[in-house]
Amino acid sequence: MADVQPVERRKSRELWAFLFLTVVFWPLLAIAVVGGYGLAVWLYQLVAGPPGA
C-alpha cells in the first residue's frame with residue numbers, strides 16, 4: 001500500500017520548495033547566467049580586441 005502523506009505535510013513541503021526556488025535557486029541561477037555571459041564577452045574581447053578599434 002502506498003504511503004499517503006497528510007495534506008498539511010504536503011502543503012508544508014510545497015511551501016518550502018517554493019520558498020527555496022524563489023529565494024535561493026532562481027537568484028543564484030540568474031547571477032550565474034549574467035556572470036557567465038560577462039565572462040564570455042570579456043574573454044572574447046581579450047582575443048578580438050575592444051569594440052570599435
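Details
- Extended-chain gain in nm, criterion 0.36 nm per residue less alpha-carbon gap, residue 34 and residue 14: 4.4 nm
- Sequence ranges 45-51, 23-29, ranked by mean other-Cβ count within 10 angstrom, highest first: 23-29, 45-51
- Accessible area expressed per residue, the chain, with surrounding protein chains retained (probe 1.4 Å, Å²): 96
- Residues in region 39-44 carry Karplus couplings, in order, of 5, 5, 5, 4, 5, 4 Hz; the curve used is 6.51 cos²θ - 1.76 cosθ + 1.60 with θ = phi - 60°, and Gly or Pro positions show x.
- Surface share of carbon and sulfur [accessible, 1.4 angstrom probe, percent] for the chain: 73
The values are calculated or read from the model by the stated rules, or taken from the named source; none is laboratory data. Source: prediction; values computed, not measured. All Cβ positions, glycine included, derive from the backbone under ideal geometry; neighbour counts span all protein chains shown. For the accessible areas, the whole protein counts, side chains as well, though only heavy atoms, and no ligand, DNA or RNA atoms are used. Shrake-Rupley method; radii C 1.70, N 1.55, O 1.52, S 1.80 Å.
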